[in-house]
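I'd like to ask some things about the structure below.
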Amino acid sequence: MALAAVRAGCGAGWTEQEDVAEDLATGRLERVLDEWCQPYPGAFLFHPSRRQVPAPLRVDRPSQRIG
């Protein structure tokens, strides 16, 4: 909903670049305050214990392994 408001010209917003890549490429939206934005490498999944892994994480873990 917030992104729809930004696209309608109602103000500025902050979102993932992937969500607005086409809007940026076509010029419908433009970046502002770039110097204030930290690089964001993406979301990461972290669970501190291997002994008590919640069921939803146990189901998907094999596809998440690296190495």
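Just so you know, all these numbers are worked out from the coordinates, no wet-lab data involved. What you see is a predicted model; the values in this text were computed from it and never measured. When we count neighbours, we look across all protein chains shown, and the Cβ atoms used for this are built from the backbone with ideal geometry, even at glycine.
Within segment 1-15, find all residues whose amide N lies under 12 Å from a label point positioned 7 Å from the Cα of Val32 along Cα-to-beta-carbon.
Output list for this probe position: 6-7, 9-14.
I've got another one for you. Give me the number: length gained by fully extending Ala55 to Glu22, i.e. 0.36 nm times residue separation minus the C-alpha to C-alpha distance, one decimal in nm. Before the final figure, lay out the partial values.
On the way: separation 33, 0.36 × 33 = 11.88 nm, distance 3.68 nm.
Full extension from Ala55 to Glu22 adds 8.2 nm.
Would you please put 26-36, 3-13 in order of how densely packed they are, using the mean number of other Cβ atoms within 10 angstrom per residue and starting with the highest? Please report the intermediate quantities before stating the final value.
On the way: 26-36: 8.8, 3-13: 11.3.
Descending mean neighbour count gives 3-13, 26-36.
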